[in-house]
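Novice: First the structure, which I've put down as structure tokens, then a few questions once you've had a look.
The values are calculated or read from the model by the stated rules, or taken from the named source; none is laboratory data. These figures come from a predicted structure and were not determined experimentally. Note: ideal-geometry Cβ built from the backbone for every residue, glycine included; neighbour counts use all protein chains shown. Just so you know, the surface numbers come from the protein's heavy atoms only, side chains and all, with ligands and any DNA or RNA stripped out. Shrake-Rupley method; radii C 1.70, N 1.55, O 1.52, S 1.80 Å.
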Amino acid sequence: MPIPKGRKESILITVTLRQLQVFLAIAKTENVGTAAADLFMSKSAVSQALAELEAKLEVQLFDRNRGRIYLTVE
């Protein structure tokens, strides 16, 4: 079915609850290791969940700088 002119196609992105929990924990702590400990996960599992979320959303959610991680401005 064609999309009417002037109307954008809606895009469905599937995000898991775990990915949202990882995002929130990293945003609160600004540290992947601390977020992992808070979530009872390994650092690699947290990093993987974040990478998957960023890939799904096609956006970088955090800036990484000298071992620290910060929410992006935009």
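Novice: Mind listing whichever residues of the stretch 26-35 are in contact (Cβ under 8 Å) with a residue 12 or more places away in the chain and more than 26 Å from LEU12 (Cβ to Cβ)?
Specialist: Of all residues in the stretch 26-35, those in contact (Cβ under 8 Å) with a residue 12 or more places away in the chain come to 26-27, 30-32, 35.
Result: GLU30, ASN31, VAL32, ALA35.
Let's see how each residue does on (1) among the hydroxyl-bearing types (Ser, Thr, Tyr); (2) within 27 Å of ILE11 (Cβ to Cβ); (3) open to solvent by less than 60 Å² (accessible area, probe 1.4 Å):
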residue	(1), (2), (3)
ALA37	no, no, no
ALA49	no, yes, yes
GLU54	no, yes, yes
LEU57	no, yes, no
GLN60	no, yes, no
GLY67	no, no, no
THR72	yes, yes, yes
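Novice: Now a separate question. Determine if the stretch 36-48 includes at least one residue that is modelled with pLDDT of 95 or more and in contact with a strand residue (DSSP E or B) (Cβ under 9 Å, 6 or more places away or on another chain).
Specialist: So far as the stretch 36-48 goes, no, none of its residues is modelled with pLDDT of 95 or more and in contact with a strand residue (DSSP E or B) (Cβ under 9 Å, 6 or more places away or on another chain).
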